[in-house]
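The values are calculated or read from the model by the stated rules, or taken from the named source; none is laboratory data. No experiment lies behind these values; they were computed from the predicted model shown. So basically every Cβ, Gly included, is an ideal-geometry build from the backbone, and we count neighbours across all protein chains shown.
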Amino acid sequence: MPRRNDISKILVIGSGPIVIGQSAEFDYSGTQACKALKAEGYEVVLANSNPATIMTDPELADRTYIEPLTREYLEEIIRVEFEMKTGGKFALLPTVGGQTALNLSVELADSGVLDKYGVELIGAQLRAIKMAEDRLLFKDAMTRIGLDVPKSALVNNLRDGLEFSGKIGFPVIIRPSFTLGGSGGGIAYNREELLEILARGLDLSPVHEVLIEESVLGWKEYELEVMRDLKDNVIIICSIENFDPMGVHTGDSITVAPAQTLTDREYQCMRDAAIRVIREIGVETGGSNIQFGVHPTNGRMVVIEMNPRVSRSSALASKATGFPIAKIAARLAVGYTLDEIPNDITRKTPACFEPTIDYVVVKIPKWQFEKFPGAEEGLGPQMKSVGEAMAIGRTFKEALMKGVRSLDTGKRATAEEIEPRRLMQRLVTPHPERLMYLRYALREGHTIKELARITGIDPWFLHQLKEISDMQKEIEKHPADSVPPQIVREAKRMGISDARLADLWKMGDSKGAAEKVRHLRAKNGLKPVFKLVDTCAAEFESYTPYLYSAYEEEDEAPPTPKKKVIILGSGPNRIGQGIEFDYCCCHASFALRDDGFETIMINCNPETVSTDYDTSDRLYFEPLTLEDVLAVYEH
């Protein structure tokens, strides 16, 4: 289908200030959408209140309003823009500004503002937004198409909440409607906790509604990124599996793409279910994130929820696959179909080709509880992480180890403070340090079966951790000057850093120790090569150098003879270092490219514009450590 020529002006609502649960990923998605719509010739109007973003740069939209994101201010912006309109329809794209934009769009529609000025919602219709966001409507929709959901009830007062909880028994999960990052939600194990969480959830929900549902704690959690066009073509961009079981917000869980522990039959059932969900909810164009829970023993699958918009997971899926979800969603919203949109990376395949990946991607959240001494560090349905790092490897082990060092905690493994008496507590209760305590438990001889029972983590993941632990024990058996090269090669293929090898060989914790290991590697011809992220597992030629390191034989991205500059990104967001530094990195790249330099970006934050494949001439998705940066420099 051709682009819609009846639309002349499109309003894009941003996500506003950075908050937990809504961070730089919406600057990335909003920037992609604005660029795509402007390239199509539409007049783009942006409303956002966060000046530390790429999307509020003057050249991204035809007009940018840096104003409070409230219904009153947006109504005034719509009025002014309506009066300036010279012809054609006025449209509103609500799906790239997170929960803030979605809620405001619903408010503008319900208050009659959109009808008053003839503004059309594109990308997601009002009915679809309400059906996906309203817990009761969503549950009824799933029941209509024969999909299982946890037993639940929507309540708007404490009495009804107590009554329903008495019927299904504790624990229960509380999920407020129309909130961000699980805000106001929680798990209640008794009457007192229920009253406390319920009161908070009712207060924080803009519609004063809370869903109380049966506990699915300990179930395996999966997400599918789904995209649909106006011709009802539906594709799955990516499957994502949570390392932690249900009960931990997906933003606080280590996640892996593609899913690792599903059988092909289970994946196909989940895929079919996701397609039925997006069709029933009625998201006509664009991307949606659909979450599933699977019982670890009997395989019962339930639909947990759906985000009818670009989400945090969409940004992760975009960076994991090289498929620009927000950009393509914006073009679908103005009438294109998936088969009409070319793949920027291959230049041959259309967007209706589902991405194929021949590597593993791991996302690890970054917490900063040390900045909030009184905060409760336990993890649950309410998101607490302030940022995240992403790593790419040929195996889960390699991606996980690269992800851990991408967090930039400043701590070496030898400095980890383990309290043996708190081992069981740290394993039973999800906690930011659980990975560290799992490694300790495996070293101390706890069995995988025992740890799987205690933590609810799938045994496959625990086996991977044990293989890393066993390799580290093997390394300790050999002095550095006589270790067999094949053992070092295997260690590097598992993602074990030079600094960690120096620790295992007790060479000290100075930078010089890691340097000695680097020279040892070089002497044995052990250095990384760089592989391409190309959306198609090397089936077609890739024209966009989006790279990650691996200890293999074939290098897929030989260097060019051009004069070049490496730009170091700022890594995962944290308190005091946020999206503003990504803004600086992007502008540095643009300026250097204009001056004729080949720009090379090294970063590990999946939420940012700097890690978009077309921001710099080359993108290396690597940890910001001396070892990894030197590897890029030498390449």
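Quick notes
This table checks each residue for (1) hydroxyl-bearing (Ser, Thr, Tyr); (2) more than 18 Å from TYR222 (Cα to Cα); (3) out of contact with any His (no Cβ under 8 Å at 6 or more places or on another chain).
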site	(1), (2), (3)
MET306	no, no, yes
ARG312	no, no, yes
LYS327	no, yes, yes
TYR336	yes, yes, yes
ASP339	no, yes, yes
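- Sub-6 Å Cβ pairs linking a first residue in region 421-443 that is in contact (Cβ under 8 Å) with a residue 60 or more places away in the chain to a second residue that is among the β-branched types (Val, Ile, Thr), at least 6 apart or interchain, are PRO430/VAL248, ordered by first then second residue.
Residues are listed down the side, and each one gets a yes or a no for (1) of a type in the set (A, V, I, L, M, F, W, C); (2) buried (at least 24 other Cβ atoms within 10 Å of the Cβ):
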site: THR255; (1), (2): no, yes
site: PRO258; (1), (2): no, no
site: LEU262; (1), (2): yes, no
site: ALA273; (1), (2): yes, no
site: ARG279; (1), (2): no, no
site: SER288; (1), (2): no, yes
site: PHE292; (1), (2): yes, yes
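- Subset of region 15-41 [crowded, with 23+ Cβ neighbours inside 10 Å and either out of contact with any helix residue (DSSP H, G or I) (no Cβ under 9 Å at 6 or more places or on another chain) or of a type in the set (Val, Ile, Thr) (or both)]: THR31
- Applying the condition of being hydrophobic (A, V, I, L, M, F, W, C) and part of a loop (DSSP other than H, G, I, E, B) to region 58-79 and asking which residue is surrounded by the most Cβ atoms within 10 Å (Cβ to Cβ) yields ALA61.
- Among the residues listed as GLY322, GLY335, GLY286, the single one being within 20 Å of the chain's Cα centre (by Cα), under 25 Å from ASN103 (Cα atoms) and modelled with pLDDT under 95: GLY286
- Qualifying residue in region 362-377 (condition: modelled with pLDDT of 95 or more, among the hydrophobic types (A, V, I, L, M, F, W, C) and out of contact with any Phe, Trp or Tyr (no Cβ under 6 Å at 6 or more places or on another chain)): yes
- Here the condition is being touching a residue at least 60 places away in the same chain (Cβ under 8 Å) and buried (at least 21 other Cβ atoms within 10 Å of the Cβ); of ALA491, ALA514, it holds for ALA514 alone.
- Among the residues of region 15-59, just one is touching a His at 6+ places or on another chain (Cβ under 9 Å) and of a type in the set (Asp, Glu), namely ASP57.
- Those residues of region 110-138 which are outside the structural domain of LEU11 (by TED's automatic domain parsing) and under 18 Å from HIS208 (Cα atoms), in sequence order: ILE129, LYS130, MET131, ALA132, GLU133, ASP134, ARG135, LEU136, LEU137, PHE138
- Among the criteria (1) at pLDDT 90 or above; (2) more than 21 Å from ILE357 (Cα to Cα), the one PRO308 does not fulfil is (1).
- Subset of region 377-391 [farther than 19 Å from GLU490 by Cβ and in a strand (DSSP E or B)]: GLY387, GLU388, ALA389, MET390
- Residue check, ILE496 part of a helix (DSSP H, G or I), under 26 Å from ARG394 (Cα atoms) and within 28 Å of the chain's Cα centre (by Cα): no
Conditions tested, residue by residue: (1) modelled with pLDDT under 85; (2) surrounded by 14 or more Cβ atoms within 10 Å (Cβ to Cβ); (3) not β-branched (Val, Ile, Thr).
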| site | (1), (2), (3) |
| --- | --- |
| VAL149 | no, yes, no |
| GLY161 | no, yes, yes |
| GLY166 | no, no, yes |
| ILE174 | no, yes, no |
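- Check on ARG300, under 29 Å from GLY186 (Cβ atoms), more than 19 Å from the chain's Cα centre (by Cα), of a type in the set (D, E, K, R) and modelled with pLDDT under 95: yes
- Wholly enclosed strands (runs of 3 or more DSSP E) of region 216-283 bearing at least 3 residues touching a Gly at 6+ places or on another chain (Cβ under 7 Å): 220-228
- Failed item in (1) touching a residue at least 24 places away in the same chain (Cβ under 8 Å); (2) at positive phi; (3) not β-branched (Val, Ile, Thr), with ASP503 passing the rest: (2)
- Qualifying position, being outside the structural domain of GLY21 (by TED's automatic domain parsing) and within 12 Å of VAL234 (Cα to Cα), among ARG271, ARG265: ARG271
- Subset tally (residues that are surrounded by 17 or more Cβ atoms within 10 Å (Cβ to Cβ) and not in a loop (DSSP other than H, G, I, E, B)) for region 328-375: 15
- With respect to the conditions (1) without any contact (Cβ under 8 Å) to a residue 24 or more places away in the chain; (2) among the polar types (S, T, N, Q); (3) part of a helix (DSSP H, G or I), ASN298 lacks only one, and its number is (3).
- Scanning region 183-224 for residues that are within 17 Å of GLN99 (Cβ to Cβ) and surrounded by 23 or more Cβ atoms within 10 Å (Cβ to Cβ) returns GLY184, GLY185, GLY201, VAL210, LEU211, GLU223.
- Test for GLU556: is it touching a residue at least 24 places away in the same chain (Cβ under 8 Å) and surrounded by fewer than 15 Cβ atoms within 10 Å (Cβ to Cβ): no
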